[in-house]
Amino acid sequence: MRDRADGPSLGRYVEHVLHALEIMGGDGVGIGTDFDGVPEGAVMVVPDPSHMADLWEALDKRGVSRAVMVKIAHDNLLRMLPATPTAGR
């Protein structure tokens, strides 16, 4: 995992997630991975699915509940997808 003071890091990513949770609450945040289409040269803090546990552990250490992590991992997407005009097309 990258963790440079001058660039992307897991710690900075967690700070962004926490800020989003503070602004929108657990029902308004979702995390996408983009493992299927990241531009060449992009720096990925979570480079592949095997590192997602690092993100969840970091959020847990910062006090994010398991219930909120489930929401931002997938429940919010599943709740909103049917309301998307292009869903299922």
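Given 0.36 nm per residue, what is the gain on full extension from Glu57 to Val38 after removing their alpha carbon distance, in nm?
This chain segment gains 4.5 nm when fully extended.
Taking the highest mean first, how do the peptides 63-73, 38-48 order by number of other beta carbon atoms within 10 angstrom per residue?
Listed from highest to lowest mean packing, they are 63-73, 38-48.
Mind checking the dipole of the chain: about its Cα centre, +1 per Lys or Arg Cβ, -1 per Asp or Glu Cβ, Debye to the nearest 20?
240 debye
Modelling each spin label as a point 7 Å along the Cα-to-Cβ direction, I'd like the Arg12/Met80 distance in nm, to one decimal.
2.4 nm
Taken together, the values in this text are just the output of simple stated rules run on the coordinates, not laboratory data. Just so it is clear, the structure is predicted and the values come from calculations on it, not from any experiment. FYI the Cβ positions are ideal-geometry reconstructions off the backbone, even for glycines, and counts take in every protein chain you see.
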